[in-house]
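Q: A single structure is presented below for examination.
Please treat every number below as a calculation from the coordinates, not as lab data. Keep in mind the model is a prediction, meaning the values are calculated, not measured. No Cβ is skipped: glycine too gets one built from the backbone with ideal geometry, and neighbour counts run over all protein chains shown.
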Amino acid sequence: MKVRALLDTKGKDIVSIEADHSVEDAIRSMHARKISALMVTDKGKTVGIFTERDVVRSYMSGDGKGFKDMKVRDHMVSNLIVAVPDDELNDISAIMVEKNIRHLPVFENNRVVGMLSIRDIIQTQVSKLHSEIHYLKDYITGF
């Protein structure tokens, strides 16, 4: 299955935050939307990703500063690993496991067109396995 097919199924909503906003703003945005990652932009250009893991890292490196006094740009991941719509999900899941990442932006024509989580990929693979098991059982039992 291709990334494009999964995005068509799950949707292509992308939530972003400006790099100069506070970590507290990012936390509030993620909480309000029940998500665990935000794309980070600077004047409309994608410059990174900010995830729940980055919240923990910002807390540990904050030297007592409050989240409202920390900028997202100082705690985001800017060296993005990305997917493209024609990538195979098996390849993407292997990369995510190897690199220990849980969120993967999908880029097309130099812009973000979606976001995949490891949960999205696992749910898709489990669903596919359930279907295969069902068809194999039907084949074996002659139905």
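Q: I'm trying to understand the selection: among the residues of segment 28-63, which are outside any strand (DSSP E or B) and either buried (at least 18 other Cβ atoms within 10 Å of the Cβ) or of a type in the set (Ser, Thr, Tyr) (or both)? Steps first, answer last, please.
A: First, the residues of segment 28-63 that are outside any strand (DSSP E or B): 28-36, 43-44, 52-63.
Selection gives SER29, MET30, SER36, ASP54, VAL55, SER58, TYR59, SER61.
Q: Run LYS68 past the list (1) touching a Ser or Thr at 6+ places or on another chain (Cβ under 7 Å); (2) part of a helix (DSSP H, G or I); (3) within 18 Å of GLY114 (Cβ to Cβ) and report the number of the one that doesn't hold.
A: Result: LYS68 passes all but (3).
Q: Taking ASP8, is it more than 30 Å from GLU88 (Cβ to Cβ), outside any strand (DSSP E or B) and not hydrophobic (A, V, I, L, M, F, W, C)?
A: Values: more than 30 Å from GLU88 (Cβ to Cβ): no; outside any strand (DSSP E or B): yes; not hydrophobic (A, V, I, L, M, F, W, C): yes.
Judged against the criteria, ASP8 is not a match.
Q: Follow-up. Do you know which of the residues in segment 80-106 that are within 16 Å of ALA37 (Cα to Cα) and in contact (Cβ under 8 Å) with a residue 24 or more places away in the chain is surrounded by the fewest Cβ atoms within 10 Å (Cβ to Cβ)?
A: Quick first cut of segment 80-106, residues within 16 Å of ALA37 (Cα to Cα) only: 80-83, 96, 100-106.
Keeping just the survivors that are in contact (Cβ under 8 Å) with a residue 24 or more places away in the chain gives 80, 82-83, 96, 102-103, 105-106.
Details: LEU80: 17, VAL82: 16, ALA83: 26, MET96: 20, ARG102: 14, HIS103: 23, PRO105: 20, VAL106: 22.
Result: ARG102.
Q: How many residues does segment 71-95 contain that are assigned to a loop (DSSP other than H, G, I, E, B) and either charged (D, E, K, R) or more than 30 Å from LYS128 (Cα to Cα) (or both)? Walk me through it before giving the result.
A: So the first thing to find is which residues in segment 71-95 are assigned to a loop (DSSP other than H, G, I, E, B), and the list is 75-76, 78-82, 84-87.
After this cut, where a residue has to be either charged (D, E, K, R) or more than 30 Å from LYS128 (Cα to Cα) (or both) as well, the list is 75-76, 78-79, 86-87.
Within segment 71-95, residues that are assigned to a loop (DSSP other than H, G, I, E, B) and either charged (D, E, K, R) or more than 30 Å from LYS128 (Cα to Cα) (or both) number 6.
Q: On to the next question. If you check ASP63 against the conditions, is it more than 26 Å from VAL3 (Cα to Cα), in contact (Cβ under 8 Å) with a residue 12 or more places away in the chain and among the acidic types (Asp, Glu)?
A: Details: more than 26 Å from VAL3 (Cα to Cα): yes; in contact (Cβ under 8 Å) with a residue 12 or more places away in the chain: no; among the acidic types (Asp, Glu): yes.
Criteria not met by ASP63.
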